[in-house]
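Single-structure report; data block below.
The values are calculated or read from the model by the stated rules, or taken from the named source; none is laboratory data. These numbers come from a predicted model, not from an experiment. Here the Cβ is made from the backbone with ideal geometry for all residues, glycine too, and neighbour counts use every protein chain on show. Each accessible area value is taken on the protein alone, full model and side chains, heavy atoms only, with ligands, DNA and RNA left out. Shrake-Rupley method; radii C 1.70, N 1.55, O 1.52, S 1.80 Å.
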Number of protein chains: 2
Amino acid sequence: MRPSPHSLLLVLLLSFQTVGAASGASGPVRNLMPVPAEAAFGAGRLPVTPAFSAHVAGCHDARVEPAVLRALRRLQGRTGIEFTTPVTPDASAASLVVECARAGGAVPSLADDESYEIEVTERQARLRATEGAGVLRGLETLLQLVEGDRAGAFIPAVRIDDRPRFRWRGLLIDAARHWMPVEVIKRNLDGMAAVKLNVLHWHLTEDQGFRVESRKYPKLHTLGSDGLFYTQDQIREVVAYAAARGIRVIPEFDMPGHVTSWLVGHPELAAAPGPYAIARTWGVFDAALDPTREEVYKLLDGFLGEMAAIFPDQYLHIGGDESNGKQWAANPSIQAFMKKQGLADAHALQAYFNRRLSAILRKHGKKMVGWDEILHPDLPKDIVVQSWRGQESLADSARQGYLGLLSNGYYLDLIETTARHYQVDPIPAGSALTPEEAARVLGGEACMWAEYVAPDTVDSRIWPRLGAIAERLWSPATVTDVPDMYRRLATLSVRLEELGLEHEKNVDMLLRRLAGSTDVGPLRTLVDAVEPVKGYQRGRLRPATQMMPLTRVVDAARADSLVGRHVAALVDELLADAPAFGSGRHELQDLFTRWRDIRPSIDVTIDQAAGLHEVRPLAESLAALGASGLQALSFLQARLSPPDDWRTAQLALSDRASQPAGEVVLAVSGPLRRLVVAAADVQALETMTPADWKARVEQLAAPPPQKR
Amino acid sequence: MRPSPHSLLLVLLLSFQTVGAASGASGPVRNLMPVPAEAAFGAGRLPVTPAFSAHVAGCHDARVEPAVLRALRRLQGRTGIEFTTPVTPDASAASLVVECARAGGAVPSLADDESYEIEVTERQARLRATEGAGVLRGLETLLQLVEGDRAGAFIPAVRIDDRPRFRWRGLLIDAARHWMPVEVIKRNLDGMAAVKLNVLHWHLTEDQGFRVESRKYPKLHTLGSDGLFYTQDQIREVVAYAAARGIRVIPEFDMPGHVTSWLVGHPELAAAPGPYAIARTWGVFDAALDPTREEVYKLLDGFLGEMAAIFPDQYLHIGGDESNGKQWAANPSIQAFMKKQGLADAHALQAYFNRRLSAILRKHGKKMVGWDEILHPDLPKDIVVQSWRGQESLADSARQGYLGLLSNGYYLDLIETTARHYQVDPIPAGSALTPEEAARVLGGEACMWAEYVAPDTVDSRIWPRLGAIAERLWSPATVTDVPDMYRRLATLSVRLEELGLEHEKNVDMLLRRLAGSTDVGPLRTLVDAVEPVKGYQRGRLRPATQMMPLTRVVDAARADSLVGRHVAALVDELLADAPAFGSGRHELQDLFTRWRDIRPSIDVTIDQAAGLHEVRPLAESLAALGASGLQALSFLQARLSPPDDWRTAQLALSDRASQPAGEVVLAVSGPLRRLVVAAADVQALETMTPADWKARVEQLAAPPPQKR
């Protein structure tokens, strides 16, 4: 008798190991990202061969079949195998059976049930979900499960029971400060779906550009966009593309501030007389709508009505941030209005504006989302407050009864490390919120503000780091193992390339363009060891305009240097191996030698390319750090104290090497500093335990505080 | 007194060296591709600094200003420099002054005057053209002139007087066998403009897909395209994009054969009863239009009228190739018609069809282009015959009074080397055509047939090889230096990346996808040493369908292996240095060592990725060739004859290494074979001159003929 799938599964389960929330998820979750709520791997495998086929049963969601076909296409592309019968009407013979109980809503919404279950045996993979949304999530998990070995491609036997921790998991893309063509949005939607994000927050208007076609008020986009705007057809196309992937699209029309581009065509909306020109620099501008004029609400009613018709989501974002009130303060008629209405200050006037706006939105069937500043007791409780200020501000609004989202800590434009983003939790451990209040924290959104990204570089600022933020928002709060996150992120990063994302391939491309040559080996060695300056330093170091070319080394450099992390880990390993100093030494030696010898070959590359001149100091520093590191290794190995002035000279070098050039900074000077301090202090090992000695080195080598 | 630009120029000219047609163009043409008709470089330079600016004078061509802005944008991107005042109203202060005498035609045409002159002095660059079309060509030359050194970016002082050799220089893109989205077409248009090509031949219908929206006959595209077609708006967008770059767009609607996809929605047009389904495999199919039915001409009149309205070019391509006549022969009513009309055979019937078609085209203001097969005395002399058959066929039609184009020898899908394409001339040296006949040879078109290309890989099949074909069609016939072509092509290839072309960056991307890892070093070493099988071998080795994933090693491998060429050159150098065998030895040793040691690391990569299993034999062969090469070097260096069986064993290995696996083949086994033969024959040097010995080795090592 042939065993039924269920009896087979029972047999397999005997050898299964459960991981996930319960076990802290640091166990063998293979390459899954985000980590599922529960996963138990078995010993068998389902082979992926030309005979692989899928069968969809009882899903009345029109998105499911195309999604299954896309998944099959990706599986074929990855394995190079053409499936002879990708879709089969025969459920029992299918390699993959997809089932869902009900269709779910017509458009993705906050109410979607995204849970799903997967059972893979040696005979068949089954994906079951309550709704189509769950199928979409489960298909991505299945694709992440695929592995290969000498016997071929396969899906390991596994049971997964998965559901999201937060309901709102988003990415903001600012398409206003720099224009992002439709294909950029689409490939990022594919990437979002791959890590189970479900909200695209599309920042469409800014001082620097009005990026959406308004048929009612065409001067808005024709005069406010340099011709770079989405047509309404394109918007519909993107919304449909997102919906097919279970992603909501929430447009943001930022007001009453950040509106310079609106005013180019409609200066009559402004709180101060025009004319206005599209802003070309960055920052907070004075331009603001005049909340005292009925024409403003008339236009907003018309425009938002138009937008409400093409954006089906229940929510619409009205920005509300950084309205500095200067134009309002300087306008006597606005001041008179405020007095008459009893509006004490700019915040009160903005709240008045938001109440009016709220009524307009309600009329068009939309609920309001806005940044922290919109929070005001007069507003209805169904609004969502998005916090750029932080977890405390978010908790405050939850306590006041408002729904909220966290974005502070998830600003991708600040070029933080992945680990740093990963550690930010919308409801941090030890939160004092009651369960009821905590339930008001809907989730979070990563923000890709676009002062310093162009279509060629935006993917590398979003990816792969967004994968870790997506995990924070989907996986159990207990999933916090940083090294395992980085391990899985590396696999994810490569897999994302099959969706057309350019975060990996454009790094070398930018270097080749700058060098004017395919021979970028030494340059790549340098760029692998640097990171762009973090926080808001870039704009401080070199004030930029919208016209600045974003094709420089700083634009090619990764936010989170793998080499930087690797050197830090190797130095840690080496120092932990005191007094033998064997562990990690060979690898460090190789690396330091490569750095030391990077010149003169990199000098030739730099000389020939004007765009590379600015990083010459970093090449010099890297060569010097390589030499310094090799010396430090020698002293440590010989347990020989260096001459007195050596330490001073090397630390001075390390300080110099910590200075940015061309708005990038070496990401390896910290570990080198520790190595130098350790070498200078190697004799202390005579009188201390290795552990005490290492702790002392760490303390002595603590880096000077850095301005962000 | 400040010298005038002209007196400065005179001074510079004293040191100028003229290159180009007159000197055979093997001289210092820097990085220009195509080589201009005349160029004379001087010693000075015009610096490219933040103060760089442009001024446009007297060009009444709306394309010129946007083109200048695009060029400035690329210049900024490449140098990382933001120009503070990119455009200036002050001609005397401008770094670049652009002038044209008259506007030229409203749409690009065969009559465009593409000539231009450039004068660069230390003060200013001047670009002068008769028409806007010449400005577009000259701007690309200017961008190719930009260089950099320790002092920064600059344009060298130069005088260029340039004009095309042929008026029709095209690229065919087959968007039918595999779908090519609009962005693929656009980035390739940018690449075409960069090498001064002026015709996009857009192959829009095939057995495998009907790729254009017909509003009159919507069943054509809705049922014949899997939903993958260009809307008429997209067609207009592409036509405008091309026109802005001085490129004509000629659509091809292939008929009466290659029409299976038409017949899915309109089986009544066929010469045999339906139903029809979109073809999924490759080759020549029987499906044909029925030339005896008036409904066919009625639909063609309607459809071509629709197309004539959105494609402004004077010419329209009706295909006409590979109509095998089988359906016609099997249809009694068609046979009766032929008898009645006195049409002797299928060729005569096709000529009848083409006469009818010709009248329809004339009605819609279009002239006909078609493949060799359309040639028939009954057709008017204003048609253009595109020759896939070859130069003889082309010369024949020129003698018969027809205009013609060469495509034979320019088929990019056959994966020939660049050198091979470069050597194909539409009017070869020694042509017997009279000047009047030769003038009928309008130029040529490279063809990118799409059986084995997808959007991710099509760029790497087109580029950079197309640059050399473009040079053949633009530059004087005397420009034939192959090594210098390859040198300039390498620079061009990198510059093309600034236009978004993906030929370079997708190679590693495909390897990472297959390997599932960023660690593709050894795999890259292997893939750099292989080429896809050439000619029509791929389909013979593995019959494919439209659904086959084009993500395999064969799709990542380059058409023209740089390593293959490099090893051949090094072996040549080494053998020419007999009996010392010093020249090139170290580099060969390094390379052979890397190959020999490629395992076991590449085995680990291959094991983990099912899609790489198929190339395991090549990895084994490369390792063996590396070992073999090292041995050969040792024997040569020691001038020591190897044991008797060594030669046999190594040649057997070389034969094995010449076998394809996964439809790729090692591109380095030829030079290795020469090295083995040389080593086995090293003692003959005792009795021969080194030159005679080398000639003997070459002869002994001649490879066995290869099936194509």
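Observations
- Nearest to the axis that brings chain A onto chain B is this chain A residue, judged by its Cβ, with the distance in whole Å: A:Lys505, 2.
- Pairs of Cα atoms nearer than 8 Å and 6+ residues apart set the relative contact order; for the range B:589-636 it is 57 percent.
- Taking the Cα centre of the range B:389-538 as reference, the dipole from Cβ charges on Lys and Arg (+1) and Asp and Glu (-1) amounts to some 160 debye.
- Placing B:Phe52, B:Phe229 in order of accessible area, with the largest value first and a 1.4 Å probe, yields B:Phe229, B:Phe52.
- Ranked by how many other beta carbons lie within 10 Å on average, peptides B:157-164, B:598-605 from highest: B:157-164, B:598-605
- 10 Å Cβ neighbours from other chains, averaged over peptide A:251-262: 0
- Alpha-carbon centroids, the range A:588-658 and the range A:448-505: separation in whole Å: 31 Å
- Across identical copies of the chain, B:Leu228 has label-point separations of 3.0 nm, listed in ascending order, with the point defined 7 angstrom from Cα along Cα→Cβ.
- Other protein chain Cβ atoms within 10 Å, averaged over every residue that makes up B:505-517: 5
- Considering only B:Thr545, B:Met688, B:Gly104, and ranking their Cα positions along the charge dipole of the protein assembly as shown that arises from unit charges at the beta-carbon of Lys, Arg, Asp and Glu, the one farthest toward the positive end is B:Gly104.
- Computed label-point distance, nm, for sites B:Leu562 and A:Val482 using a 7 Å Cα→Cβ extension: 3.8 nm
- In the range A:167-270, the portion of solvent-accessible area held by carbon and sulfur atoms comes to 56 percent [1.4 Å probe, whole percent, DNA, RNA and ligands not counted].
- Take B:His376, push a point 7 Å out from Cα through the beta-carbon direction, and compare it with the same point in every other copy: 7.9 nm, smallest first.
- Label-point separation, A:Ser109 to B:Thr648 (7 Å along Cα→Cβ), nm: 8.2 nm
- Heavy atoms of B:Lys505 accessible to a 1.4 Å probe, total area in Å² rounded to 10: 10 Å²
- Partner lysines whose Cα lies under 17 Å from the Cα of A:Lys367, excluding those fewer than 8 positions away in the same chain, are identified as A:Lys381.
- Dipole of chain A, positive end: most advanced residue of A:Thr231, A:Thr434, A:Pro643 [Cβ charges, Cα centre]: A:Thr231
- The value of relative contact order for chain B, using C-alpha pairs under 8 Å at least six residues apart, is 11 percent.
- For A:Gly390, inter-copy label distances in nm, listed shortest first [label point 7 Å out on the Cα-Cβ vector]: 7.9
- Fraction of beta bridges assigned by DSSP in the protein assembly as shown that are antiparallel (%, nearest 5): 45 percent
- An oblate overall shape is assigned to chain A, the ratio a/c of its alpha-carbon gyration tensor axes (a ≥ b ≥ c) being 1.5 or greater and a/b not exceeding b/c.
- A:Arg215, A:Arg465, A:Arg45, reordered so the largest accessible area comes first (probe 1.4 Å): A:Arg215, A:Arg45, A:Arg465
- Cα gyration tensor category, rounded, prolate or oblate, for the protein assembly as shown with a/c compared to 1.5: rounded
- A 1.4 Å probe, protein heavy atoms only, puts the accessible area of A:Val264 near 40 Å².
- Contour excess over end-to-end distance, with Cα ends at B:Ala429 and B:His586 and 0.36 nm allotted per residue: 52.5 nm
- Low-density loop cleavage sites - GluC sites (Glu not before Pro) in the range B:259-363, where at most 15 other Cβ are within 10 Å (DSSP): B:Glu322
- Accessible-area order (highest first, 1.4 angstrom probe) of the listed residues A:Ser397, A:Ser323: A:Ser323, A:Ser397
- Given +1 at the Cβ of Lys and Arg, -1 at the Cβ of Asp and Glu and no other charges, the dipole of the protein assembly as shown around its Cα centre is 880 debye to the nearest 20.
- Between the range A:168-215 and the range A:388-402, the alpha-carbon centres lie 25 Å apart.
- 3J(HN,Hα) along the range B:226-235, derived from phi through the Karplus expression 6.51 cos²θ - 1.76 cosθ + 1.60 where θ = phi - 60°, amounts to 6, x, 9, 8, 8, 6, 5, 4, 5, 4 Hz, with x in place of Gly and Pro.
- Expected 222 nm ellipticity per residue - DSSP helices of 4 or more, -39500 (n - 2.57), all of chain B, to 500: -12500 deg cm²/dmol
- Signed unit charges on C-beta, dipole axis of chain B, positive-most listed residue B:Ala309, B:Gly500, B:Ala454: B:Ala309
- In Å², nearest 10: area of B:Arg280 left accessible to a 1.4 Å probe: 70 Å²
- Basic side chains Lys and Arg get +1 at the Cβ, acidic Asp and Glu get -1 at the Cβ, and with that the dipole of the range B:569-698 about its Cα centre reaches some 100 debye.
- Cut-off under 5 Å, modelled amide H: who pairs with B:Phe52 long-range: B:Thr84
- For the segment A:605-611, counting C-beta atoms of other chains within 10 Å of every residue's C-beta and taking the mean gives 6.
- Cα gyration tensor shape of the range B:452-609, rounded if a/c is under 1.5, else prolate or oblate by comparing a/b with b/c: oblate
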